[in-house]
Ligand SMILES: Nc1nc2c(ncn2[C@@H]2O[C@H](COP(=O)(O)OP(=O)(O)O)[C@@H](O)[C@H]2O)c(=O)[nH]1
C-alpha cells in the first residue's frame, strides 16, 4: 500500500498530493534524511510544545519535506512560525503562504514591524537591516505560545560559530546561547530537558551542506521561490557584492545601476541579502553551480555578516537564530 | 553532474593532539589541499594572519571558531567540519587535546569511525598521545591512524618515523587498539597530507604507504548492519494503517541490523512476540529496512507498545536488565554522587538510576584500573548502575547503538556522564 492510500483512509486528510521522487536517494542523502527524521521525532517525543520556523527559504523548505517524511499521514505535531521582518521579497511571502496551504498546516506569523511600531524595538536608521531585531520578536513569540522547542534549518557548514553548535542547542530564559557551556552530545542520545522558561533550538539538518540541500531539493522535486533562479535585476556593486535596487535599498549617490542576471543563494531581509551573478535557471543547474562554487553562502550574500569575523557568534549569544 | 556522487558514503573521523602538535594546521591543510576551502574563507584568514603580523596563510585559523578560542589560541570545543572528495564525504569532529577536555574528545569520538592521533616528530610521543589512543579503545573505534607531524623539522628522516612507529605500536598493543596505521606528514609544508610531493620535490621517497587523504578515502566504514535487529520506538501513531482498522504505526529508526516483512520480533521489556506486517515510509511501503533507516512499522497483532520500548530480533534479543556495568566518562562539573539519583537514557528510553558502586577509575595513560569511590570531571571509570525500570542493552563492543548510554542530572538537567555497556554484571 502506498502513502496515497493512507491519505484517503484518513477522515480528515487533505494534504498536498505527495509525488514520490523519481529515483532512490543517494546513500549519503538517505543517511542525512534519516538522521533528520530521527531528530524531529525525538524532539516531538521529548518536548511539550515545539514549533518549526518556516521562512520560505530553501533550508526551511527542506525542513517541511522532512517533517512530512517524519509524520505523515498525521498532521504535523507542531505549528509553523514565521518571524516576519516586513523586509521581504514578495515572491517569498507568496510562496510561503501557498506552501502552507498545500500542506494544510497552521502558520503563525509575528512581525518585527509590530514591535517597531509599538516601540519595543528602536531603530537607529529607518531602513536598517532587521535581521538583528528578529530576536526580540522571536523571543516574544516563544513567550506568547510557551514554545519549548524550535526547529530551525541552520547548518554547521554555514559559518564558524555554527560549526560548534549542538544539534540540540539549549537556550536560557533570555534566549541566550552559552557556547562555552554546551551539553555534550553523544551518539544520538539527545538531552532536551529544560527548566521552565527555557527552550531548545533543534537543528535537524546540522550535518547538511549547501550542496546536500540543493541535491535534496532536486531529488525531491521541491518547489522553491523564483528568486533562487537566475533572473534580470537592477543592481549596484558595493564593496565587491551585488546589491539589489529596491524601494528599501535605493542606490547611493554616485553608484551606477546596471541590469544583471542574478540569483539569490539565501532569502532574508531584503536590505541585507545580496544576489550572485548566475545563469542557473533550474535546480539541476544550481546543483552544478554549487559544486563549483567559489564563495561560501554567508560571505557571498549577507551584507551584515561581514562586519567582523565574530559577528555571528555575538548575535547567537543574544538569541538570534 | 549530480550522478558523479551517487554512491559515495560518509566517513566520520575525530582528531586529537596535544596543544601545538599541529592539529589545526593539519585539518586546515586537509581542507585546503582537497579544495574544500572557499575564496572568502581564505581571504578572511589571510586578513587575520596579516593583522597578527605574520606572513602567508595560517591554515590553523580555518578551524578556530569561537572568540574565546581565538583569544586563547586553542580549540576548546568540538567543531564539526565537512568536506567531500569524489569518492567520499567526510565529517570531522575536531576536538581539543588537553586533559581537561577529555569530555569533548569522548563526545567527538562517540560517532567516529576513525581517530587521527597527532604526534610531533620533533618532540616525540607525549603522555597525551597515549590518552588519545586509550580513548579510542574505550569508545571502540575500529581504526586509529597516527599522523607523525612536523617531519620537516627532523629533516624528513625515516629513522625518526620508524622509531615513533615502533614506540607507538607497542603502546597500541598494550592498550588494545584494534587497527593502527602510521603516516609521516608535514601539515605546514603539505607532505603526505593530500600530496605526496610538495612543489615537485618528494621529501619522503622512503615512504610508500598512502597519504592521509588516501587512507581516509579507502579505510572501510564498519557497519552496524551485522548486529542483530534493534528498533527503539520513538513515537506511536494512532492513524489507521493498512487493512486493519485498529493497527498502529510505530515510528523509529533501525539502529542496527536488518528487518523484513513477516520476520518474528519481540517487544521489550514486555517480551511479547509478533510479526512485522508492514514497513512504511512516505515513499511507499517496502519489504525490508536496514540500519539507520527511519521508518514506520506495523505488526500483525495488537500489542500495547509505547515510546521507550524496543522492537528487536526475537531470536537474538538484547539483555533486559535493571543492573548495568559500564565504562563511564564523567562529563559533569560536579563529581559523581552515589547518594543521588540520575536519569539514564539509552535508545529512546529514559529511566531513573542510581550508582550502586564505583568499581574503579582508570589511569587514562595506561588503562589500568585503580580503586575509587567517585569520579570527577573528565575521569573515566567502571560503574555498576541500577535502574528503577528495566532497560534493553547490548555490550558496546557488540553494538554501539544499544551499548551507549548517558546520565542526566535530575535537578540541573545537565548531561553528566557518557557510558559504554560492558559484557555482563
Ligand atoms: N615546522 C612545522 N611546523 C608545524 C607543522 N604543523 C604545525 N606547525 C606549527 O606548529 C604550531 C602549532 O600548530 P597548530 O596547528 O596551531 O597546533 P594545535 O594546537 O595542535 O592546533 C604552529 O606554529 C604551526 O605553524 C609542521 O608540519 N611543521
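List of remarks:
- Zero-based 10 Å bins, Cα pair distances in the range A:184-282, whole percents: 12, 32, 22, 19, 12, 2
- Annotation: the residues A:212, B:199, sorted from fewest to most other C-beta atoms within 10 Å of their own C-beta, follow the order B:199, A:212.
- Per residue of chain B, the DSSP helices (runs of n ≥ 4 H) give a summed -39500 (n - 2.57) that works out to -5500 deg cm²/dmol at 222 nm.
- Prolate/oblate/rounded call for the range B:360-404, Cα gyration tensor, a/c under 1.5 rounded: oblate
- Scaled radius of gyration (Cα, divided by 2.2 N^0.38 Å) that the range A:222-266 gives: 1.24
- A convex hull fitted to the Cα coordinates of the range A:22-115 yields 121 cubic angstrom per residue.
- Residue by residue along B:277-287, Cβ atoms of other protein chains within 10 Å of the local Cβ number 4 on average.
- Protection proxy ranking, peptides B:412-422, A:109-119, A:139-149, average beta carbon neighbours within 10 Å, highest first: B:412-422, A:139-149, A:109-119
- Rel. contact order, % - alpha carbon contacts under 8 angstrom, at least six apart, chain B: 12 percent
- Values of log10 I(q)/I(0) for the protein assembly as shown across q = 0.05, 0.08 Å⁻¹ run -0.25, -0.67, by the Debye formula with one identical scatterer at each alpha carbon and no solvent.
- Counting only DSSP beta bridges whose two residues both lie in the protein assembly as shown, roughly 70 percent are antiparallel.
- Inter-label distance, nm, simple model (7 Å from Cα along the C-beta direction), residue B:162/residue A:226: 7.2 nm
- In degrees, nearest ten, helix B:23-33 long axis to first principal axis of chain B (Cα): 90 degrees
- Nearest-ten-degree value, helix B:158-175 long axis tilted from longest Cα axis of chain B: 20 degrees
- Tensor-based shape of the range B:307-425 (alpha-carbon gyration tensor, a/c under 1.5 rounded, otherwise prolate or oblate): oblate
- Between the range B:183-209 and the range A:183-235, the C-alpha centres lie 38 angstrom from each other.
- Fluctuation leader among B:30, B:235, B:331 - chain B, Gaussian network, Cα springs under 10 angstrom: B:235
- Per-residue shielding of A:28-41, expressed as the average number of other chain Cβ atoms within 10 Å of the residue Cβ, stands at 5.
- Rounded, prolate or oblate (a/c below 1.5 giving rounded, otherwise prolate when a/b exceeds b/c) for the range B:245-302 by Cα gyration tensor: oblate
- Take each residue of peptide A:147-157, count the partner chain Cβ atoms within 10 Å of its Cβ, and average: the result is 1.
- For chain B, the share of DSSP beta bridges that are antiparallel, to the nearest 5, is 75%.
- Restricting the calculation to Cα atoms, the range B:123-217 yields a radius of gyration followed by a Dmax of 13.5, 42 Å.
- Two-site FRET efficiency, residue A:291 against residue A:256, from Cβ-Cβ distance with R₀ of 51 Å, rounded to 0.05: 0.95
- For the listed peptides A:89-102, B:78-91, a ranking on the average number of other beta carbons within 10 Å per residue, highest first, reads B:78-91, A:89-102.
- By the count of other C-beta atoms within 10 Å, a proxy for reagent exposure, B:387, B:260 are ordered fewest to most as B:260, B:387.
- Seen from all directions on average, the range B:299-345 presents a Cα convex hull projection of 5.7 nm².
- Taking Cα atoms only, the orientation of helix B:39-51 departs from the longest principal axis of chain B by about 50 degrees.
- Ranked list, fewest to most other Cβ atoms within 10 Å of each Cβ, for B:32, B:342: B:32, B:342
- Annotation for the range B:123-146 versus the range B:346-425: alpha-carbon center distance of 21 Å.
We did not get these values from a lab; they are worked out from the coordinates using the rules stated. The structure displayed is predicted, hence computed values, not measured ones. All Cβ positions, even for glycine, are placed from backbone atoms using ideal geometry, and neighbour counts span all protein chains on display.
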